[in-house]
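The next block holds one structure in the form of structure tokens; read it before the comments.
The values are calculated or read from the model by the stated rules, or taken from the named source; none is laboratory data. Remember, predicted model here, so these are calculated numbers, not experimental data. Every residue, glycine among them, receives a Cβ derived from its backbone with ideal geometry; neighbour counts consider all protein chains shown.
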Amino acid sequence: MSAAIAPLLVLVLLSNFFVLATSRLRAVVNVSALQGAILGVLAVVVHREFGVIPLLMAAGTVAVKTFFIPWMLGRAMRDVVMRREVEPFLDYVPSLVLGALGTGLTLLFADTLPLAPEHRATLLMPTSFSTVLTGFLVLTTRRKAITQVVGYLILENGIFIMGLSLVDAIPFVVELGVLLDLFVAIFVMGIIINQISREFGSLDTRRLSALKE
């Protein structure tokens, strides 16, 4: 099963670049759902043997990240009259360049960490740091509230991948805790998105500046 880890992590890295490069809001949501499915598979593959706990963790990850959250975001897009473009503060090419530079630096930085021998030869930590960076870029350089929720989701995916390196020490608590935090955060963000759309008829976070008047 360990042979499948590297291709899955490469898919995560490629999906990060796609999110930074695409201008379509629906594509961003769909790629975040794909990342959730990949992480669900990783949650099983990283464990050395099949068991009930890894399978439950994978099922919970896929249910929340691949189905529930994308469904909620898709419903928000349907309920509000809005443009389907991402509309970034920072253009796509600079975002992609920053993402590529950050990924390269994480590959160098991961080699300096005191990792367990079985994790040194994998892309777990570089992919984790790169995904956190991608989520941070999306969260801070995109205007739409939906895109910012996806940025938070991608950032959390990076934390989730980092937690997979601790499965031998605390195999269930870390992953479950991260997933629960994600569920609560996205639930709160869903309420905020609903309130923004009802108040302004738009999901552009620039409209929030009107609240100070």
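Any residue at all in segment 83-100 that's among the basic types (K, R) and modelled with pLDDT of 75 or more? Before you say what the answer is, go through the steps one by one.
The initial filter retains those residues of segment 83-100 that are among the basic types (K, R), namely 83-84.
From what's left, modelled with pLDDT of 75 or more: none.
No, the conditions are met nowhere in segment 83-100.
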Could you look through segment 121-143, keep only residues that are in contact with a Leu (Cβ under 7 Å, 6 or more places away or on another chain) and of a type in the set (G, A, S), and pick out the one that is farthest from L42 (Cα to Cα)? G135
Do you know which residues across segment 24-59 are within 20 Å of Y152 (Cα to Cα) and not in a helix (DSSP H, G or I)? R24
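Taking V62, is it assigned to a helix (DSSP H, G or I), of a type in the set (A, V, I, L, M, F, W, C), over 15 Å from L164 (Cα atoms) and modelled with pLDDT of 85 or more? Give the derivation first.
Values: assigned to a helix (DSSP H, G or I): yes; of a type in the set (A, V, I, L, M, F, W, C): yes; over 15 Å from L164 (Cα atoms): yes; modelled with pLDDT of 85 or more: yes.
Here the answer is yes, as V62 does meet what is asked.
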Listed residues P114, P126; which is loosely packed, with under 14 Cβ neighbours inside 10 Å and either at pLDDT 85 or above or assigned to a loop (DSSP other than H, G, I, E, B) (or both)? P114
Can you report the number of residues in segment 65-81 which are modelled with pLDDT under 80, exposed (fewer than 15 other Cβ atoms within 10 Å of the Cβ) and in a helix (DSSP H, G or I)? 3
